[in-house]
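Here the structure comes first, spelled out in structure tokens, and everything after it is commentary.
The values are calculated or read from the model by the stated rules, or taken from the named source; none is laboratory data. Bear in mind that the values here come from a model prediction, so they are computed numbers and not experimental data. Don't worry about glycine lacking a Cβ; one is built from the backbone with ideal geometry, like all the others, and counts go over all protein chains shown.
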């Protein structure tokens, strides 16, 4: 026998999380998550799931029937959209202005489809003009995929305009809303978004690990018309929906697919309930307001934003690291002395920028004040 | 705007979970899970992950370097093994004696590989004789895949003998240990298992949603020698390991892959720590002992086991529903009057059997007593 390791219980410190996510989790959400586990087919649990579906629909502003939480993080939500909708050989216009656009491209390639990449600079929004040129040049494209809020740079793209272009050129739109959901305006039905995914750990201030996803009726039609099986068994939405809603095949009864992450779903239910109580528009405004306070303070410290004001995300503030400043040392000092986490740069911005998150429960005056004072102390 | 739904907080009842999982969660695990969320790249968090890896290695009895928890349920753990190791066109011997063997077959097909199915009756163990015949008949087979403990029937197969056969015929073994881990003897290194996955919600008595996975050096070599990319970006273990352990490519530093389910990993750390404190052999014995008490009681009620004594799982007791008894009515009454969940039959046993789980924290005298008395009340 290999000997049992002796390990103490893990007692994490209380951090203030102002990085790119996970964000500060609502205390109510942590409490909800630790309620007693019940069975994933318990009538009370499936009732909770019905409520959860309604709450996700509200957050996305959609009436899409195929709306649920994938039992895995946002990256699995991304993969859910690509593996269900895109078949080998199909052409997808992929907008790339940061890490997550590139990840979309990799997803397209892994289903054996063809990615046509529209590149914009890191820190810029996706250009509708460039996208339209690509749509014109590739009349056989079936999808337009883009990131609404690029977590790697803090750039917000015009999802409404991009989805209108997709429609005009007969493409289905696939939208990454991991960082946007709950933090900035997002209207799935009104804007005609066909497939969208998000994450629990950003502006929803839930624990990480779940991905809200929604497919429009047109996306569902595309899924049903597939010529080949979905390559992932776990993410196959036709199977998953038999658990989330039942189906004609199961006589309307829910059937087992996988064991749902029961307690994590309690947490998501609670976080979306808090969002619904606050109201989406109030939450969007709170993020915008807190961003203005933070922006003023950061500029007062002489820090410069990576993204132009017009396409700047309130909930993810990327600022250049001043010359001569040791990136790692500053972040370590913030973490160790102030229990404050801010994010490192990612990809092209690694070592060049910090990412300061103001997400969900984290978008509060006290967090902004702490962050500004701690940065001031450490930098000056 | 779609109007915000008004929904109350969800307050689940306290159930005693004696179905096929999720099992009763340790109170310490629920407490650990609700500790403050910290960043997934926080030095304290990655230290916790190192401990967690050691704890998973202990539970599996392996020194495999590539050992981690997949950030999704057991079905995703299954898919992790197939999509990483098996390439299109390769041949896999798949043993099918219940629902999960069939799910393995579907996974093989979805990677474009060829499944050679060895069928045994539902409720029987996988027959090593039949497996050897298949290995002889298919000298080009590269994998042998089987379920150690079939959750759908309660049958335990001889993993040691099956893995020895795999080795003898130059196959890598892929083993489903979702229900076996922590409940019955399982020795990954000693038995020569090449790829194994489990679930958090069975004999580990953790919340559902995670899948411990381990690959032997031979499995890692097969992964590294792939001619084609892994079809899943999310489950690609070469990428995931850069987060779990760092890699030569990242200079030994951990790099971001996806946002880990931070709080769920706290929970798994705690449940495996409790298992290590009890000791694996003591936990195996406890499951066996409690099974004997339950068995006597169930037989006293006139109930008959689906599985022969020789291959019966202590932690999953499938018994036939007596003639004339209304399956749904009994389970509802147990749930509503006793807050006791037992499992329905699945697949070929739907409507014909109940599945009574004695898993992890649930394998206690008080649970056995409650279950026996409640069944006695309801049936007589």
Exercise for review: Please tell me if residue A:265 is under 22 Å from residue A:204 (Cβ atoms), within 14 Å of chain B (Cβ to nearest Cβ), crowded, with 18+ Cβ neighbours inside 10 Å and at pLDDT 95 or above.
Suggested key: yes
Exercise for review: Could you tell me which of the residues B:214, B:205, B:198 is modelled with pLDDT of 95 or more, at positive phi and either in contact with a strand residue (DSSP E or B) (Cβ under 8 Å, 6 or more places away or on another chain) or more than 8 Å from chain A (Cβ to nearest Cβ) (or both)?
Suggested key: B:205
Review point. If only one of B:184, B:147, B:111 is within 26 Å of residue B:287 (Cα to Cα), buried (at least 24 other Cβ atoms within 10 Å of the Cβ) and in contact with a helix residue (DSSP H, G or I) (Cβ under 7 Å, 6 or more places away or on another chain), which one is it?
Key: B:147
Review point. Name the residues in region B:14-30 that are facing chain A (nearest Cβ under 7 Å) and surrounded by fewer than 24 Cβ atoms within 10 Å (Cβ to Cβ), would you?
Key: B:14, B:15, B:30
Check your understanding: When you go through (1) within 30 Å of residue B:81 (Cβ to Cβ); (2) modelled with pLDDT of 95 or more; (3) surrounded by 15 or more Cβ atoms within 10 Å (Cβ to Cβ); (4) within 9 Å of chain A (Cβ to nearest Cβ) one by one for residue B:277, which number turns out not to apply?
Key -> (3)
Check your understanding: Can you name the residue in region B:73-101 that is within 11 Å of chain A (Cβ to nearest Cβ) and surrounded by fewer than 22 Cβ atoms within 10 Å (Cβ to Cβ) and, of all such residues, is nearest to residue B:234 (Cα to Cα)?
Key -> B:88
Exercise for review: Kindly indicate whether residue A:303 is touching a residue at least 12 places away in the same chain (Cβ under 8 Å), crowded, with 16+ Cβ neighbours inside 10 Å, part of a loop (DSSP other than H, G, I, E, B) and not assigned by TED's automatic domain parsing to the domain that holds residue A:54.
Suggested key: yes
Point to revise | Restricting region A:346-361 to residues that are surrounded by fewer than 22 Cβ atoms within 10 Å (Cβ to Cβ) and free of Cβ contacts under 8 Å to residues at least 40 places away in the same chain, the residue that is nearest to the chain's Cα centre (by Cα) | key: A:350
Review point. Do we find a residue being at the interface with chain A (Cβ under 7 Å from one of its Cβ atoms), closer than 14 Å to residue B:265 by Cβ and buried (at least 20 other Cβ atoms within 10 Å of the Cβ) anywhere in region B:54-65?
Key: yes
Review point. Does residue A:9 fit the bill of being touching a residue at least 12 places away in the same chain (Cβ under 8 Å) and either within 30 Å of residue A:130 (Cα to Cα) or over 24 Å from the mean Cα position of the chain (by Cα) (or both)?
Key: no
Check your understanding: In region A:122-142, is there at least one residue being in contact with a helix residue (DSSP H, G or I) (Cβ under 8 Å, 6 or more places away or on another chain) and within 14 Å of another protein chain (Cβ to nearest Cβ)?
Key -> no
Study note, to complete from the structure: When residue A:1 is run through (1) part of a loop (DSSP other than H, G, I, E, B); (2) surrounded by fewer than 17 Cβ atoms within 10 Å (Cβ to Cβ); (3) modelled with pLDDT of 95 or more, the failure sits at (3)
Study note, to complete from the structure: region A:174-282: helices (runs of 4 or more DSSP H) wholly inside it with 1 or more residues that are under 27 Å from residue B:230 (Cα atoms) are A:217-224, A:237-244
Study note, to complete from the structure: residue B:246 vs (1) surrounded by fewer than 21 Cβ atoms within 10 Å (Cβ to Cβ); (2) free of Cβ contacts under 8 Å to residues at least 40 places away in the same chain; (3) within 28 Å of residue A:20 (Cα to Cα); (4) within 11 Å of chain A (Cβ to nearest Cβ): all pass except (4)
Review point. Does residue B:210 fit the bill of being within 23 Å of residue B:69 (Cα to Cα) and touching a residue at least 24 places away in the same chain (Cβ under 8 Å)?
Key: yes
Point to revise | Lone qualifier among A:258, A:287 - being within 14 Å of chain B (Cβ to nearest Cβ) and out of contact with any strand residue (DSSP E or B) (no Cβ under 7 Å at 6 or more places or on another chain) | key: A:258
**Study point:** Those residues of region B:323-370 which are in contact with a helix residue (DSSP H, G or I) (Cβ under 7 Å, 6 or more places away or on another chain), assigned to a helix (DSSP H, G or I) and more than 24 Å from residue B:284 (Cα to Cα), in sequence order
**Key:** B:330, B:333, B:334, B:338, B:347
Review point. How about region B:36-51: which of its residues are more than 7 Å from chain A (Cβ to nearest Cβ) and more than 23 Å from residue A:23 (Cβ to Cβ)?
Key: B:50
Review point. From the list B:189, B:158, B:170, which residue is in contact with a strand residue (DSSP E or B) (Cβ under 9 Å, 6 or more places away or on another chain) and surrounded by fewer than 24 Cβ atoms within 10 Å (Cβ to Cβ)?
Key: B:170
